[in-house]
1. Any chance you could give the angle, 0 to 90 degrees and rounded to 10, that helix 71-87 forms with the longest Cα principal axis of the chain?
2. Quick one: among T69, T81, T50, which has the greatest mean-square fluctuation in a GNM of the chain with alpha-carbon springs under 10 angstrom?
3. Pairs of lysine in the range 40-101 with Cα under 28 Å and at least 8 positions apart or on different chains: total?
4. Could you tell me which of P22, L32, A67 has its Cα farthest along the dipole of the chain towards the positive end, charges placed at Cβ (Lys, Arg +1; Asp, Glu -1), taken about the Cα centre?
5. Let me check I've understood the local charge: for V73, count other residues with C-beta under 14 angstrom from its C-beta, Lys and Arg +1, Asp and Glu -1. What total comes out?
6. How much mean residue ellipticity at 222 nm does the chain get from its helices, if each DSSP H run of length 4 or more adds -39500 (n - 2.57) and you divide by all residues, to the nearest 500 deg cm²/dmol?
7. Given the range 8-49, what whole percent of its Cα pairs are spread farther than 17 Å?
8. Restricting to Cα pairs below 8 Å that are 6+ residues apart, what does the relative contact order work out to for the chain? Please round to a whole percent.
Amino acid sequence: MLGIHHRNSLNAFCLADDLMEPYRPFVDELVLEIMEAQKNPDLLELDVKTKRELLGLLVRDVYQKDAKTPLSVAIERTCQTLARCFSGEKRRITYATFCEV
């Protein structure tokens, strides 16, 4: 139960939670896009089409270190930089930012 900013004896995934938190806005933006595309967002269902759209988030381009990369690659790089921080090779974790549309 190692976390960067918190600990919780009931949560075995504190570190994963802390690593993923900065990526929440990417998911929030996509969910908002999906809801805005619906005629009646109050009746939005998590059907196969919606799940496919959500999974598509992993291949959307983001910026990381001034280069475009798929979100899935950016997440992997974030985890790698954390490991390098733990080993003393780096002092900062690398996160992604939104690409301009």
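1. With rounding to tens, the tilt is 20 degrees.
2. Of T69, T81, T50, the Gaussian network model singles out T50 as fluctuating most.
3. Final tally of qualifying lysine pairs is 4.
4. Most positive-ward Cα: A67.
5. +2
6. -14000 deg cm²/dmol
7. 51 percent
8. With pairs under 8 Å counted, the relative contact order is 19 percent.
Values in this text are rule-based calculations from the coordinates and carry no lab data. What you see is a predicted model; the values in this text were computed from it and never measured. Note that each Cβ is placed from the backbone with ideal geometry, even for glycine, and that neighbours are counted across all protein chains shown.
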